[in-house]
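A short write-up of the structure that comes next.
The values are calculated or read from the model by the stated rules, or taken from the named source; none is laboratory data. Keep in mind that what you see is a predicted model, and the values were worked out from it rather than measured. Cβ placement follows ideal geometry from the backbone for every residue including glycine, while neighbour counts extend to all protein chains displayed.
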Amino acid sequence: MQPNIQAFFDPVTWTVSYVVFDKPGGCCAIIDPVLDYDPKSGRTKHHSADVLIRFIRSKNLTVNWILETHAHADHLSSAHYLKQELGGKTAIGNNIPGVQQVFKKLFNMGPDFQPDGSQFDHLFDDGDIFKVGELTGKAIFVPGHTPADLAYQFEDAIFIGDTMFMPDVGTARADFPGGDARALYRSIRKLLDNYPPQTRLFMCHDYPPGDRPVQWESTVADERAHNIHVHDGISEDEFVKMRTARDATLGMPVLILPSVQVNVRAGQMPPAEDNGTVYLKVPVNIL
């Protein structure tokens with residue numbers, strides 16, 4: 001069965017979330033959902049998530065999974081809110097404890113936060129198979145951008161997170177804690193060398209150059225031929241040199257500090273303090 005795919009673009013964070021379902025009245029997975037967050041006021045809203053909810057309810061779908069490709073640094077996840085509203089199990093790659101350990105130390109999260117992945121309902125290993133109604137999904141380990149990145153395959157469609165972007169944008173940075181440009185290159189080649197040319201690749205972001213409209217679907221063939229960073233013929237050493245030099249020029253994402261604190265908790269906010277208020281920390285002179 002071919003998956004039905006509905007994309008939802010968030011223009012504030014340039015993020016694309018997806019609902020993948022087998023049939024109307026059937027089952028679905030949500031991939032990389034966004035929680036609206038205003039960094040000036042610290043206020044959250046559920047507009048982006050509610051758009052997904054309205055679509056899912058309009059199709060009378062049952063949510064089986066809420067899937068994260070990684071612990072994002074550019075947007076907060078609405079996975080916890082969606083689980084409360086719609087059910088389903090949250091999931092991410094089984095290397096997430098390593099990411100949690102790094103950020104537990106960075107944000108001094110304290111003894112109540114256990115860096116063992118238990119905040120998620122399920123941790124996928126490379127090659128794990130799972131069901132979304134009548135659809136069969138597969139988890140594909142693609143580290144490099146972070147140590148815990150996963151792609152999710154449904155038939156001829158693969159949701160690749162931040163591993164690659166549209167061909168004219170290139171590839172994701174690899175300089176976050178635990179990132180590795182060599183691992184990223186090998187993950188990209190894993191996708192481009194092992195899947196048929198017509199395989200559809202769905203991006204988590206688009207940052208269109210010039211006046212190009214926002215796009216989020218490419219193919220293995222397009223990326224192999226035209227990706228400006230990693231088209232066929234680019235060696236691993238060439239890619240690592242380019243990626244390392246480019247990453248050194250990039251500033252931190254606007255939402256990295258609030259987003260990581262929430263996303264390593266599967267979309268939950270830190271626990272409220274003794275005055276009943278939830279706080280997100282800003283470490284000074286660390287990143």
Looking at region 51-71, I want the residues that are closer than 16 Å to residue 9 by Cα and have a partner that is acidic (Asp, Glu) and surrounded by fewer than 21 Cβ atoms within 10 Å (Cβ to Cβ) with Cβ atoms under 7 Å, at least 6 apart or on another chain. Which pairs are those? 53/85
List every residue pair whose Cβ atoms lie under 8 Å apart, where the two residues are 6 or more positions apart in sequence or sit on different chains, the first residue falls within region 167-182 and is of a type in the set (Asp, Glu), and the second residue, located anywhere, is outside any loop (DSSP other than H, G, I, E, B). 168/226; 175/244; 175/247
Taking into account only those residues within region 243-258 that are part of a helix (DSSP H, G or I) and in contact (Cβ under 8 Å) with a residue 24 or more places away in the chain, which is nearest to residue 230 (Cα to Cα)? 243
Does region 193-207 hold any residues that are over 17 Å from residue 7 (Cα atoms) and touching a residue at least 40 places away in the same chain (Cβ under 8 Å), and which are they? 196, 198, 199
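In region 29-50, what residues are farther than 15 Å from residue 202 by Cβ and in contact (Cβ under 8 Å) with a residue 12 or more places away in the chain?
Selection gives 34, 35, 36, 37, 39, 42, 44, 46, 48, 49.
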In the set 33, 3, which member is over 16 Å from the mean Cα position of the chain (by Cα) and either surrounded by 18 or more Cβ atoms within 10 Å (Cβ to Cβ) or at pLDDT 95 or above (or both)? 3
Given the conditions (1) of a type in the set (Ser, Thr, Tyr); (2) in a loop (DSSP other than H, G, I, E, B); (3) surrounded by 18 or more Cβ atoms within 10 Å (Cβ to Cβ), which single one is not true for residue 41? (3)
Within region 73-106, count every residue that is among the hydrophobic types (A, V, I, L, M, F, W, C), over 18 Å from residue 117 (Cβ atoms) and surrounded by fewer than 19 Cβ atoms within 10 Å (Cβ to Cβ). 1
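A quick yes/no check of all residues on (1) modelled with pLDDT of 95 or more; (2) farther than 23 Å from residue 35 by Cα; (3) of a type in the set (Lys, Arg):
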{"residue": "221", "(1), (2), (3)": "yes, yes, no"}
{"residue": "224", "(1), (2), (3)": "yes, yes, yes"}
{"residue": "234", "(1), (2), (3)": "yes, yes, no"}
{"residue": "237", "(1), (2), (3)": "yes, yes, no"}
{"residue": "242", "(1), (2), (3)": "yes, yes, no"}
{"residue": "269", "(1), (2), (3)": "yes, no, no"}
Just checking, does region 262-274 include any residue being in contact with a helix residue (DSSP H, G or I) (Cβ under 8 Å, 6 or more places away or on another chain), assigned to a loop (DSSP other than H, G, I, E, B), of a type in the set (Val, Ile, Thr) and closer than 24 Å to residue 48 by Cα? yes
Within region 33-71, which residues are closer than 15 Å to residue 83 by Cα and touching a Gly at 6+ places or on another chain (Cβ under 9 Å)? 33, 35, 61, 62, 63, 64, 65, 66, 67, 68
In region 129-165, the residues that are among the polar types (S, T, N, Q) and under 16 Å from the mean Cα position of the chain (by Cα): 146, 153, 163
